[in-house]
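Here the structure comes first, spelled out in C-alpha cells, and everything after it is commentary.
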Amino acid sequence: MKRLLSGLQPSGELTIGNYCGGIRQFLQYQKEYDSFLFVPDMHTITVPQANPELIRERIRRFANLYLACGLDPQNCTFYIQSEIPAVNQLTWILECHTYMGELSRMTQYKSKSEKQTNVGCGLFTYPVLMAADIILYDSNVVPVGIDQKQHVELARDIAVRMNNRYGDLFVVPEPIIAKVGAKIKDLQDPTKKMSKSNEDPMGTIFLLDSESDIKKKINRAVTDNDGYVAFDEEKKPGISNLITIYAALSGTPMQEAIDHFTGMTRYGDFKKEVLEVIYETLRPIQAEYQKLSQSDYVDTILDQGRDRANEIASKKYDLVRKAVGFGR
Ligand code: ATP
Ligand code: LTN
C-alpha cells in the first residue's frame, strides 16, 4: 500500500484555510493509503514563540482537533514529530546534501524572514527538516496547500540526489494539491493567504470560533461595491474567496458553486449561505472536540503512533547512516 503523510504546525490555532488545504484532503485520502499524520512541533520554533506552555497546549488541541475532524486512528499513524529522534538525525545528513542556493529560493523563507530582525538559522533550514519528515517514512504522496508545494518539491530533489549518490535509499514523494481551496484568503485582505499566525483575527475563521464570532467575521468580510456576485479573483477577490470557501466546505464542484451564486445582488443573502455552510462544517467538529478534550483518549492514540513511527524511522535512519559511512 502506498504511503501518505502530512502535518500542520502548531504555530497558531487551526483555521478553515488549514482545514480546506490540509486536513480535508488528508481525510479524503486516509483510507486509500497507509496514512501518517503528525504534529510538526519542531517546526514551530523556527519563528520566536513567547510561551512554551502555549505550544504544549496547542499540540494537544491540534491532536484532539484532528480526531474531531475525522482522522481515523485505525487507519492512520498519528504522532508528534519531536517524539521521533531519527528525524533530527536524518535532518543533519540531509542538510549536508542541500545547497544554500536551494534554500535561499524558498518563498516562505523570504516572506517570513522579512518580518523579523534576528532570523534564526532554523527558519532557513526548515525545508530540510520537512524533507526529513517526508522521506524518512518513504512517503509516496504529501497532501498540502499550495504554499507548501515548493517545500515538497525540494524534498523530491533531495531524495533523488541521495539516491543518485548512495543507491536507492528513499522513495521520491509527490505533492497532492487540492483542486478547490488550496489557498483560502484572508477575509480582511483577500489578496493575502488566510493564516493562523495573522495578527488580525477578523481575517481568519478558526475551527473553534463561536458561531457569533464567525457571523461577525463573515458579515465584516471585505467585498466590493459592485452590487453583484461573480467569480473573478483579480477584480472581486473578496467575493471569489467566499465562493471558494463555500465550494470547499460543502464539497460542491467549483463551477456549480459559481453558477449557484452568480448574479445575486444582495451580498447579505449570499453571505448567509456561506455562513450556513461554515456552521454545518464546524458544528460536529466542535461537539466532538469538546468530548475528546475531556478525556485522555488522544494519548493512547499518540503513544501507538509514536511507537509505529519510531520503528519505521529508526530502521530507515540506520540504513542512511550506514550508507553515508557513519559508525564502525
Ligand atoms: P503559519 O501562519 O504559521 O505559516 P499557516 O496557517 O499558513 O501557518 P501551515 O501550518 O503553514 O499554516 O499549513 C498547514 C497546512 O494548511 C499546509 O498544508 C498548508 O498548505 C495549508 N494551508 C495553510 N493555510 C491555508 C490556506 N489559507 N488555504 C489553504 N490551505 C492552507
Ligand atoms: N511545513 C508544513 C508542516 C509540515 C509538513 C511536513 C507538511 C512539516 N513537515 C511534512 C507535510 C509534510 C506547514 O504546513 N507549515
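Numbers below:
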item: Positive-end extreme of charge dipole, the chain - chosen from A230, F206, I45 (charges on Cβ); result: I45
item: D (Stokes-Einstein, µm²/s), Kirkwood Cα radius, the chain, 0.692 mPa s at 37 °C; result: 158
item: R0 of 35 Å, Cβ-Cβ distance E233-Q116: FRET efficiency to nearest 0.05; result: 0.75
item: Per-selection metrics, the stretch 195-328 (Cα): Rg and Dmax in Å; result: 22.5, 74
item: Label-to-label distance, nm, for residues given as R165 and Q28 (7 Å Cα→Cβ offset); result: 3.6
item: Protection proxy ranking of 240-250, 307-317 - average other beta-carbon atoms within 10 Å, highest first; result: 240-250, 307-317
item: Sequence-distant residues sharing a close amide H with T204 (under 5 Å, placed H); result: L187
item: Cα centroid separation, the stretch 69-99 to the stretch 118-175 (Å); result: 11
item: Cα-centre dipole for the stretch 1-126 with unit charges at Cβ (Lys and Arg positive, Asp and Glu negative), debye to 20; result: 240
item: FRET efficiency estimate (nearest 0.05) - Cβ-Cβ, Q49 to E174, R0 41 angstrom; result: 0.85
item: Computed FRET value (nearest 0.05) for M1 with T262, which takes r as the C-beta separation and R₀ as 30 Å; result: 0.10
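Since every read-out is calculated from the coordinates, none of them should be taken as a lab result. For clarity, every value in this text was computed on a predicted model and none was experimentally measured. As a convention, Cβ positions derive from the backbone with ideal geometry for all residues, glycine included, and neighbour counts pool all protein chains shown.
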